[in-house]
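These notes are about the structure you will find just below.
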Amino acid sequence: MRWTGLVSFALAAGVMLAATQAGAEQCGPAKGRVGEFDHYLFSLSWSPGFCATSAGKSNRQQCEARIAHGFVVHGLWPQYARGGWPQCCQTVPALDDSAVTENTSRVMIGRNLLRHEWVKHGACVTNRPRDYFGLIETAVSSYGLAPGLTPSSPARIKVSALKAHWPKLPPAAITVRCKGPRLSEVRLCLDKALAPMDCPPAIVADDNCPGTVLLTGQ
């Protein structure tokens, strides 16, 4: 009877654990603790550049849509001032559709991206997906996605002119990433209150674009 009771308890515990994990999201390796970071990096992907890559060509929702996207949100990433970042800080609730507004879905495209950013980065900010995506929506509302730049814009642009499309941020709060001469991402450095700040040296060091970049994806 004693062993039968123990086996029954173990089976019940296993079922409960499986049920809990089924309603949660996990990733790894885990690094850092929730809320213990210094600033954010708000990463904006240049869609024509992304859609020219192999990953982009397989993303039909973003790259074969009737809407030709310019900048879209890649993510809002907690960062350490010394360099590096926390990730996968906790097991978080599975992403529910109600946590993401229609406005956010328009600028952060695809369920896989939303889930990945929540599990890897949002989990180091909060345990509430609605709060994390609310921060992203606030950042978009505050600084915009450079609506003056579209896939039909001139093929080349100076980095200084590119940064001017975010007039609420000083140039020192903006870094630019390229794949070769082609624009890949613009990254905005924001403090924990989402106010602009000068990018730390570790972020500036990742700025790899020439003085003039290509906007075309071809």
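Each Lys or Arg adds one and each Asp or Glu takes one away; over the other residues whose Cβ falls under 13 Å from the Cβ of Val73, this sums to -1. Our estimate of slack between Val204 and Ala55, defined as 0.36 nm per intervening residue step minus the Cα-Cα distance, is 51.1 nm. Axis angle, to the nearest 10 degrees, between helix 2-22 and the longest C-alpha principal axis of the chain: 20 degrees.
Return the FRET efficiency for the residue pair Ser141, Gln90: r is the Cβ-Cβ distance, R0 is 45 Å, and the value is rounded to the nearest 0.05. Working shown, then result.
Working: r = 27 Å, r/R0 = 0.60.
Once the sixth-power term is evaluated, E becomes 0.95.
Listed by chain and number, the lysines whose alpha-carbon sits under 22 Å from that of Lys31, ignoring those within fewer than 8 places in the same chain, are Lys120, Lys192. Using the Cβ-Cβ distance between Ser152 and Arg128 with R0 = 35 Å, the FRET efficiency computed as 1/(1 + (r/R0)^6) comes to roughly 0.35. Taking 7 Å steps out from each Cα toward its Cβ at Asp97 and Asn112 produces label points 2.0 nm apart. Fewest-first ordering of Val204, Val92 by other beta carbons within 10 Å of each residue's beta carbon gives Val204, Val92. For the listed peptides 60-69, 126-135, a ranking on the average number of other beta carbons within 10 Å per residue, highest first, reads 126-135, 60-69. For Glu25, the residues whose modelled amide H falls within less than 5 Å of its own, excluding neighbours fewer than 5 places apart on the same chain, are Val92, Ala94. For the residues Cys189, Cys199, Cys27, a GNM of the chain with alpha-carbon springs under 10 Å puts the largest fluctuation on Cys27. Using only side-chain charges placed at the Cβ, +1 for Lys and Arg and -1 for Asp and Glu, the dipole size of the chain relative to its Cα centre rounds to 420 debye.
Only the Cβ atoms of Lys and Arg (+1) and of Asp and Glu (-1) were treated as charged; on that basis the dipole of region 127-179 about its Cα centre amounts to roughly 240 debye.
Every read-out reported here was derived from the displayed coordinates using simple, explicitly stated rules and does not represent laboratory data. Bear in mind the structure is a predicted one, so any value in this text is a computation, not a measurement. Using ideal geometry, Cβ is built from the backbone for each residue, glycine included, and neighbour counts are taken over all protein chains shown.
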